[in-house]
Structures are given as C-alpha cells and as structure tokens.
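Single-structure report; data block below.
The values are calculated or read from the model by the stated rules, or taken from the named source; none is laboratory data. These numbers were taken from a predicted model, which means no experiment stands behind them. For neighbour counting, all protein chains shown are included, and Cβ atoms are generated from backbone atoms with ideal geometry for every residue, glycine included. Side chains included, ligands, DNA and RNA excluded: accessible areas come from the protein's heavy atoms. Shrake-Rupley method; radii C 1.70, N 1.55, O 1.52, S 1.80 Å.
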Amino acid sequence: MEAAIYSFSLRGAELAKRIEAVLSDLDYSVSNKTVAKYAEQAALAPMLPDHNAACGEDFARCQLLVFVGAVGIAVRTIAPYIKSKLTDPAVLSIDERGNFVIPLLAGHIGGANEMARYVAAALKAQACVTTATDVNGLFAVDEWAARNNMVLCSLKAAKDFAAALVAGDTVGLYVDAGFEIVGDLPKQVEINGSLPIGMAVTLSKRLAPFRQATVRLVPKIVHLGIGCKRNTPLKRIEELVLPELERLDLDMRSIAGLASVDLKKDEQGLLAFAQKYKIPAHFYSAEELNALEGDFTPSSFVQSVVGVSNVCERSAVKDAAGGRLALRKTSRNGVTLAIAVEELVLDLQHTGLKK
C-alpha cells in the first residue's frame, strides 16, 4: 500500500514526519513531501513543480493522501481528481498542530474514517468524522464490505440501506448457505427476508431477496482450478469456464484466483485468460498438489504426464486454502475446470483497520 503526505510549513513538516512513522507501522510505503522552500531545512522531498501537480500523480497511485495544513488547501488540491467513491483514495486533512484529523474523501470504502481514528489516537488528536452512519453509531455497509474484501454491486442500494438505518428502520440480512455468522448483529439489522431493504452476502449475480432495495455484496472467495493441453488457446478456456460460471450463477467478481500445476506457468491461453479477466494466477508444484488431503477425481494419464492425479480440483482447493469444491472436474475440448470456495465467517460487528 502507498501513501503520500503533503505539508506546507516547517511545523507541519515536523508533524508529517510523525505521521509517516504511524503509517509505516501499518506497512504503507510513504512519500513525504513539503513545499520547496522548506524541503532542505525539514529534510523532506520537495513538492515539484507544486503540490497540485504532485497530488495529480499521487491521487492515481496511492491508497491514502494526507494533507498537513488548512482544509481549504486539501479540498482545492484534490477537487480536479475526484471521480468515484469506489475508486478514490482515502484523503485526510490534519492541522499543523495535530489537533484534528478530518477524513475528506472515501470515508467508508477507502477507509478514511477508520484511518482518521487510528492516526488521531496515535497523535493524541481528535478525529472529526461526519458521515451519518458513524455519528449515529450505525452499521456502515460500504465500509464493512471494503474491510472484508467484498464487491459492493450498487451504490444506490447502499445509499438506500444507509438512509433506512438513519431513519430508524430495521434492515434485513441474507447470506448464502454455507456462510457462517458469528457474534451479535448490529442494531437495526436482522435476518429477515420480508423486510423491504436489506443486504445480501452472496456469490450470485442475480439474487435480490429484498423487494425495495438489495445491497448485494460479493465476497472474493471463488477459485478456479484449470488444466489444459499444451498450447490451448484462450477461446477454448473461455468456452468451458464462462458457461459453467453462468450455469452456477457465480458472479465473475467473486473470483479471487486461478490456479494450475507449475508445468503450466507459461501456458499462454491460461495467462491470457487471467489477464483478460484481471484474475491473479498461481501455479503449484506437483508435490504441493499431491500433499492435499481429500477426495479428488483421479486420472492415471494425468498422473503419468504431470506427476499428480488431478490438476484442476487439487489446484482449486489449494488456491482456496483448503476450501470446499463447488464444482468437480468438468472437461471440454482438452480443458478441465474445477471450482473451490473459501470458508467464509462473517462478523458484522467488526470493521477493523485494513492493513
């Protein structure tokens, strides 16, 4: 993760160094810059040619921006670069004396609210969080989804969900079979499919159990195990994988990884599939795959060629950290596919700082 800090005075530059230490402890790679006339004295990098240009580059690159100075400077600087709450980085504004930490942008999805609280505690400052769910002590569905590596499918539904909570209404919760819920539910949230508005934690791309608005959250926990003959083209891989995902009603955004045996690490069709659909590709040795315990569909031919009796099922389960098989070995035109799903435990009381 990357962060950028900007300061505009000598006092602010000294505070920026303290903030850098806090962020470094969270494993951020930090770029710490100040205005050119103070850079040498503060022993920090200069903002060249100016803070507006520096911000333009960092806004696209970083997950967190921190302005040490007046809120107005921060607002005017980031204004040209703001696009969407789904993609904008978290932005904090901190006065040069370190009294107040104000999240300006991406409070929930980008984690600015939680980061403001964390930095404020480290500086012995006051976090100034203004989002309605936070000030009312209510469940923030977009923040919870981001912290738990889930795709938020509709910003409008999320707004309707938050508005219902702020209005004092009860909202519903649905989770796919096999997902475990631990701990108490947040206030005004209950497992009740008859409510008009609710959230659904699901791998489905069609499910909408709440009649007025469903906030569909898709956890990235699905893993594809793929085997194929040498020089199998991308099209043949798609001809098996895409229809199977459709048949199983699996949202493409739920896919966390693609896996195969390491003999396939240079297989262009597999690599092209991973690149086209932006899926991380992982390759495991025959020894790693053979070490897995479980009931897998054996093939003596595959064993003789690659040293493991089943590539797709074992690769999927390995990539899913031992998760359950949702689809056993399926074959078409020299391609084999299996799908495994990670175990998922949901704690709706926990957001936690994403490190």
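Using the average count of surrounding beta-carbon atoms within 10 Å as a protection proxy, the listed peptides 193-199, 220-226, 258-264 rank, highest first, as 220-226, 258-264, 193-199. Taking label points 7 Å from Cα along the Cα-to-Cβ direction, A163 and T87 give a separation of 2.6 nm. Simple spin-label estimate for L271 and R328 gives 3.4 nm between the two label positions (7 Å along the Cα-to-Cβ direction from each Cα). Counting only alpha carbon atoms, the long axis of helix 234-247 and the longest principal axis of the chain meet at about 80°. Amide H contacts of I5 (H built 1.01 Å from N, in plane; Pro and chain starts excluded): S31, N32, K33, V66 sit under 5 Å, all sequence-distant by 5 or more or on other chains.
As an equivalent ellipsoid, the range 207-248 spans semi-axes of 32, 12, 7 angstrom, where each value is the square root of five times an eigenvalue of the C-alpha gyration tensor, largest first.
Computed over neighbours whose Cβ is under 13 Å from that of L248, the net charge equals -1, Lys and Arg +1, Asp and Glu -1. Compute the label zone of V182 within the range 193-224: residues whose backbone N is under 11 Å from the point 7 Å along Cα-to-Cβ. So the set is empty, nothing qualifies. Annotation: peptides 320-330, 97-107, 70-80, ranked by per-residue average of other Cβ atoms within 10 Å with the highest first, follow the order 97-107, 320-330, 70-80. Annotation: per residue accessible area for the range 134-217 equals 44 Å², rounded to a whole number [probe 1.4 Å, protein chains only]. Surface composition of the chain: carbon and sulfur make up 51 percent of the accessible area, probe 1.4 Å.
Sorting 245-256, 143-154 by average packing, meaning the other beta carbons within 10 Å per residue, from highest down gives 143-154, 245-256. Here the Karplus curve 6.51 cos²θ - 1.76 cosθ + 1.60, taken at θ = phi - 60°, turns the phi angles of the range 268-276 into couplings of 5, x, 5, 5, 5, 4, 4, 5, 4 Hz, with x standing for Gly and Pro. Relative to the longest principal axis of the Cα atoms of the chain, the long axis of helix 10-25 lies at roughly 20 degrees. Once the Cα-Cα distance is subtracted from the 0.36 nm per residue extended length, the A121 to F301 segment shows a gain of 58.7 nm. Here the simple spin-label model places points 7 Å from the Cα toward Cβ, and for S285 and E2 these points are separated by 3.4 nm. Among [x] 76, 51, 37; [y] 71, 53, 33; [z] 58, 42, 35, only one was calculated for this model; which label is it, if the read-out is Cα extents along the principal axes in Å? From the options [x] 76, 51, 37; [y] 71, 53, 33; [z] 58, 42, 35, the structure gives [y].
With a threshold of 23 Å on the Cα-Cα distance, the over-threshold entries among K205/K318; K205/K265; K156/K205 are K205/K318; K205/K265.
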